[in-house]
Amino acid sequence: MTTDSGFGITDEALGTLVRGHYILSDGERLDDDYYSLTCNLDGRAVGFIAHSLEPDAVRGMLPRLRHVFDQHEALHRLAVEAIVNEFSEEAPSRGEVIDALRDLVLESVEVFPDNCDPRLGLSADVPRHR
């Protein structure tokens with residue numbers, strides 16, 4: 001993916017969100033239909049995505065992205081606890097929640113112009129056993 005520098009939306013806390021694009025093998029250019037940036041949170045690269053092509057709409061979504069950026073630890077914990085509770089037949093132990101917090105890492109944050117809550121994308125970061 002390539003980004004167009006100079007065509008971004010800058011937020012003091014987050015940085016500059018840009019639209020990326022890809023060049024296919026036949027030379028055709030495909031532009032992303034969103035603005036995004038990558039932030040380092042606790043040593044991990046996390047994608048922050050604002051789903052709109054309209055700069056004013058993206059600016060309107062920045063407070064929700066900033067909220068997740070500022071509260072990412074608490075929101076990550078809430079998301080993981082919800083997943084563990086959903087897939088447990090009985091109340092999970094504290095140890096199970098701690099293991100899940102370690103194994104399910106925040107990968108992306110997405111916001112949409114309809115003012116719904118941000119979507120947190122989690123991925124499994126389980127060590128491979130040899």
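We did not get these values from a lab; they are worked out from the coordinates using the rules stated. Given the structure is predicted, the values throughout are model-derived calculations rather than measurements. Reconstructed Cβ throughout: ideal geometry from the backbone, glycine too, with neighbour counts over all protein chains shown.
Quick notes on this structure:
- Value of relative contact order over the chain, rounded to a whole percent, pairs C-alpha under 8 Å and six or more apart: 19
- For region 2-124, the Cβ-based charge dipole about the Cα centre amounts to some 340 debye (Lys, Arg positive; Asp, Glu negative; other atoms uncharged).
- Label of the coordinate-derived value, Rg and Dmax of the Cα atoms in Å, listed as (1) 14.6, 40; (2) 19.2, 69; (3) 17.2, 54: (3)
- Built amide H within the under 5 Å cut-off of V109, gap 5+: G47, F48, I49, G121
- For the chain, calculated [θ]222 nm from helices alone, where every DSSP H run of n ≥ 4 adds -39500 (n - 2.57): -10500 deg cm²/dmol
- Amide H contacts of Y35 (H built 1.01 Å from N, in plane; Pro and chain starts excluded): A50, S52 sit under 5 Å, all sequence-distant by 5 or more or on other chains.
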